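A short write-up of the structure that comes next.
Each value in this text was obtained by applying a stated rule to the coordinates, not by laboratory testing. Only a predicted model underlies this, so the values are computations on that prediction, with no experimental measurement involved. Note that each Cβ is placed from the backbone with ideal geometry, even for glycine, and that neighbours are counted across all protein chains shown.
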Amino acid sequence: MAVTPPERRIWWNEPIERVELVWIVIAFLWGLFMFVFMIAWHFIGQQNLSKEAYRIQPSAYEAKVDEFAKKNQVREEAGIPVVKAKPGGDVYLLGRLWQWWPILELEKGQSYRIHLSSIDWQHGFSLQPTNINIQVHPGLEHVISLTPTQSGEFGIVCNEFCGIGHHTMTGKIYVTEPKKAEAEQRLAEGDKR
Amino acid sequence: MTAETVIGAVPAKAEFRTCQYTGLKVDVAAQKLIIANAVAAVVFLAIGGLMGLLVALTRWPAVHLLPADWFYLILTGHGANVLLFWIIFFEIAVLYFASAVLLNSRLAAPKLGWLAFVLMIVGALATNVAVLQGDSSVMFTSYPPMKAQPHFYLGLILFAVGALIGCILFFATLVIAKEEGTYEGSIPLVTFGALTAAIIAIFTIASGAIILIPTWLWSLGFISDIDPLMYKVVWWGMGHSSQQINVSAHVSLWYLTAALLVGAKPLSEKVSRVAFFMYILFLQLASAHHLLAEPGMDASWKIVNTSYMMYLAVMGSMVHGLTVPGAIEAAQRRNGFNRGMFEWLRKAPWGHPAFSGMFLSLVFFGFIGGISGVVLGTEQLNVLMHNTIYVPGHFHGTVVAGTTLAFMGATYIVLPLIFQREIVWPKLAKIQPYVFGIGAAGISLFMMGAGTLGVARRHWDMTFSDASLGFAHSAGAFLMMGLNGVFAVLAAIGGIIFVLVVVGTALFGQKITSGHKLTFPLFSGGGAIASHYGSEKSPKLPGTIVLVSIFFVCFVLYYFINWKYLSELWLFR
C-alpha cells in the first residue's frame, strides 16, 4: 500500500503498466503541443502582449500625459478631457487613485501606440466588455500597439486592488467607425499579416 | 554520523502506543503535536471561512453585505487565514504524521515542534491583529507601494519561521527512522509525497524570507523603496510555490485515503514517485503565472516559466490523475467489485466521509482547478483573465475544492486514529464532504464564468455606482455573481458542519478503547494487505481509462475555446 514501504526493494526496476505508459506519452505530447502553441501564436496570432517598456519617473510620465491631453483634446466629459489621437500615433493613458485619465477616442481599424503607466500604486487596466487585462506599474511605461476591431463605447475598469476607492476607478474609450474605406483595407491587410 | 549528531542532544527515549487498526507504532509526542496543529488549523479555517462567506455575500449583488472598507479588510484576512494558516498548520500535522507515524519512528525533537507551533500561532495572531486594526487592508499579496503595518509582515515572517522548523523536524525524523531502522527499504509513497511537499516548502519559505524581510524593514522605514516588479517575482516564489506544497500534500493524502479505505496499492511505485519528483523540479517556476500581463517581461522567459518547463509538472499531476483512480479501481476489482465498467466506483465507500472527500477533491481539482490553471497560465490567454474574478475561481478550484476538501476528508481518518475519539454526529459527517464540495465547486465555476465576462477580482462594487464614469456589466455577469453567493452559502454550511463535527468529536467524542468498532471503518483486509504490499499486478482499468479520457477531452476543448475567445479580441502586440 501507499502507506507502507514498496514491496520490492528494487522498485525502480519494475516495468511500468501499459495504461500508465500510454497516458504518460499522451500527457507529454499534449504538454509539448501547448508549449509550442504559445510560441506559434507569436507568429500566427494577432494578440501578443508587447514587452516594450521603459523606466520613468511618475512625475515625468504625468507631464507627458498632460501635454498629450492638452494638445489633442476635442471635448470634455464629466470634467475629464476627451482626447482624440492621431491614427498610428502615440496615445497616453494614466492610472491614478482613482481614475483612468484622460478619456480616449480612437478609430476602428487604426493602430495606436498606447502608453500605460501609473503615478502612484499598481493598477489593473481592464478594458470591458472586450476583456483585455494588463497590469500597470508605477515607474514603468508600457507601450502596446493596439488596434480596435469594434466600435462603440468601452469601459476601463481597475482590477488591481488600489485602496478604498478602487471600485470607483474607471475610464472610457470611444471607438469611432473609420471615416475612409481605406481603413477597412488596412485592417484586412493587418489580418493577413 | 548518527541521527543524534545530526539533530543535537535529543533524548532517544520516546513513549509509543500501537494502533489497533493499522498496527502502526505511534509516538505519543508526535501524536500530541499532530493534534495541536490540526486543531489550530481548524480554528483558522473557521475564522477564514467565515470571512470568506462575508466576502461572497458582499459580492452577491442582491445582498452586498459589507461596507467597502470592511470588505477590503475582511478579504485581506480571508486570504491570510485560509490560504496560509489553515493549510500550513494542517500540512505540518501531515508532515509529522507521514514521518513519525507512517515510519513507526519517534519524532525528532518534539520540544522544537512545540516552539514551531508557538511561533506559528504568534505569527498568525500578529497578522490577524494587524488586519483587524484596519490599516493593513493590502490584500493577501500586499503589493508595494501599498504599505501595511510592520506587524502584518512580521506575523507572516514568524509564521514562516515556525513552519520552517516543522519541515526541519520532518527531515530529521526521516534521518532518525533510517538510522534506527524503523522500516525496511524505501519510505512509503505517502511519505515520499510529504517529502516532496517539505522540499518545496523550504524553497517557498526561502522566497518568502527574501521578500518579506526587506518589505518589513521598508514598512519600518529602514528601506526607502521596494521595486514593485521585483517584489512580484520573488513574492510569488512563495505565493504560488506554497500552492505546490498543497498539491503535493493533498495528492499524498489521496494515496493515503485510497490505501486505508479500499486497500489500494500504487499501480507502479516508480511512476507515482517520478510524478512527485516532477513537482520538485518544475513547480517553482510558477511565479511567472503572475507576471504574464506585466510590462517588460520577455516572451521566451514567460513561455518557459509559465509552462513549468514544457508542462512537465502538469504532466506530473495528470499522471496522479490516472494512478490514483487507477489504484482504487484495481483494489476494488480485487475486492470483488468486478462487474461492468463502473461497479468498482458505484460500490466504493461513498458513505465514508474520508473517501467521498478524497474522491470529490480528485475530480474537482483535476477538472476545475487543473484545467483552468493551465488555461490561465498560458502566456497569451492570460490577458483574457488576468486579475478578473476568474483567478479566484481557478484557485478556489485548486485550494478549496481540491486541497481543503482533501484535508477535510483526511480529518475523518485522523479523528479516530490520532485523536482516538469516535466521530460524533456521523450522519452530518457523512453528508459534509458533499455539501462543502458542491458548494466549493460552484463558487469556482461561477467565479470563472463571471471572470470570463470581465468582472474584476477584489472589487467591492460591480455596478460602479460611485464612479464618475459608469460602466454596466452584462446581466450574465450579475447572474454569475449571484450564483456564486448561493454556492458560497452552501460551502459555508459544509464548512460549519465540518468545524462542528471536529470540535464536537475532539471534546465529546467517545474515547476509543481496545476492540472498539469504528463508525467509519478502515478497509477490513488492511492487515492482510499490509503484509503483502507492492505494486499492482497487470490490472485491467477500463473505468479509469474512460474517466481519464473524459478529462482529456474536456481539457482540450476548453483550451481551444479560450484561444477562440482570444482571437476575437482587439489586436495588440
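Side notes on the structure shown:
- Our note on the geometry: Cα centres of the stretch B:297-340 and the stretch A:56-72, 51 Å apart.
- Report summary: the helix-based calculation at 222 nm, which adds -39500 (n - 2.57) for every DSSP H run with n ≥ 4 and divides by the residues of the protein assembly as shown, gives -18000 deg cm²/dmol.
- Pairs of Cα atoms in the stretch B:413-459 fall into 5 Å distance bins, from 0 up to the last occupied one, in shares of 5, 17, 14, 16, 12, 10, 8, 10, 7, 2 percent.
- For chain B, the longest principal axis of the C-alpha atoms and the axis of helix B:353-364 are separated by about 40°.
- Spatially, the stretch B:222-294 and the stretch A:30-52 are offset by 25 Å when compared through their Cα centroids.
- A Förster distance of 51 Å, applied to the separation of the beta-carbon atoms of A:Ile16 and B:Leu507, puts the FRET efficiency at 0.60.
- Nearby aspartates and glutamates by direct alpha-carbon distance to B:Lys147 (threshold 17 angstrom, same-chain neighbours under 8 apart not counted): A:Asp120, A:Glu160, B:Asp69, B:Asp135, B:Asp225, B:Asp227
- Amide H within-cut-off set for A:Lys172, under 5 Å, with H built and near neighbours excluded: A:Leu104, A:Ile156
- For chain A, the membrane-span-like helix rule (DSSP H, alpha carbon extent of at least 18 Å along the helix axis, mean Kyte-Doolittle at least 0.5) picks out A:18-44; this says nothing about an actual membrane.
- Angle in degrees between helix B:308-334 and the longest Cα principal axis of chain B, rounded to the nearest 10: 40
- Shown in residue order for the stretch B:247-259 are the 3J(HN,Hα) couplings computed by the Karplus curve 6.51 cos²θ - 1.76 cosθ + 1.60 at θ = phi - 60°: 4, 4, 5, 6, 5, 4, 5, 4, 4, 4, 5, 4, 5 Hz (x for Gly and Pro).
- Overall, the stretch A:1-124 carries a charge dipole of about 300 debye about its Cα centre when +1 sits on the Cβ of Lys and Arg and -1 on the Cβ of Asp and Glu, all other atoms neutral.
- By the beta-carbon count within 10 Å of each Cβ, the least crowded to most crowded order of B:Lys265, B:Lys430, B:Lys511, fewest first, is B:Lys511, B:Lys430, B:Lys265.
- Neighbourhood charge, 13 Å Cβ-Cβ cut-off, centred on B:Ala429 and excluding it, Lys, Arg +1 and Asp, Glu -1: +2
- Extending 7 Å from the Cα toward the beta-carbon at both B:Leu500 and B:Ala475 defines two label points whose distance is 3.8 nm.
- Rough spin-label spacing in nm, given labels placed 7 Å along Cα→Cβ, for B:Val486 and B:Asp135: 4.4
- Note on B:Lys13/B:Val553: beta-carbon distance plugged into 1/(1 + (r/R0)^6) with R0 of 41 Å gives a FRET efficiency of 0.10.
- For chain B: relative contact order, % (alpha-carbon pairs under 8 angstrom, 6 or more apart): 15
- Selection from A:Gln57, A:Ser118, A:Ile26, by position along the positive dipole direction of chain A (Cβ): A:Gln57
- Fewest-first sequence of B:Leu260, A:Leu29 by Cβ atoms within 10 Å of each Cβ: A:Leu29, B:Leu260
- Under DSSP loop assignment and at most 14 Cβ neighbours within 10 Å, longest GluC sites (Glu not before Pro)-free interval of chain B: B:185-567
- Inter-label distance, nm, simple model (7 Å from Cα along the C-beta direction), B:Asp225/B:Ile561: 4.6
- Of B:Lys25/B:Lys540; A:Lys70/A:Lys108; B:Lys25/B:Lys430, those spanning more than 25 Å from alpha-carbon to alpha-carbon: B:Lys25/B:Lys540; B:Lys25/B:Lys430
- Helix B:110-133 axis versus longest C-alpha principal axis of chain B: approximately 20°, rounded to the nearest ten.
- Cα Rg over Rh - chain B, Kirkwood: 0.96
- For the protein assembly as shown, a crude dipole built from +1 on the beta carbon of Lys and Arg and -1 on the beta carbon of Asp and Glu, taken about the Cα centre, is about 1700 debye to the nearest 20.
- Rounded to 5, the percent of DSSP beta bridges in the protein assembly as shown classed as antiparallel: 70
- Stokes-Einstein diffusion of the stretch B:52-139 at 20 °C, 1.002 mPa s viscosity, Kirkwood radius from Cα pairs, rounded to a whole number: 142 µm²/s.
- Taking amide H as placed 1.01 Å from N in the peptide plane, B:Leu571 has its amide H under 5 Å from the amide H of A:Thr147, A:Thr149, each at least 5 places away in sequence or on another chain.
- Considering only B:Gly366, B:Asn335, B:Phe97, and ranking their Cα positions along the charge dipole of chain B that arises from unit charges at the beta-carbon of Lys, Arg, Asp and Glu, the one farthest toward the positive end is B:Asn335.
- Cβ-placed point charges (K, R +1; D, E -1), dipole of chain B about Cα centre in debye, nearest 20: 1540
- Normalised convex hull volume, the stretch B:157-251, alpha-carbon set, Å³ per residue: 92
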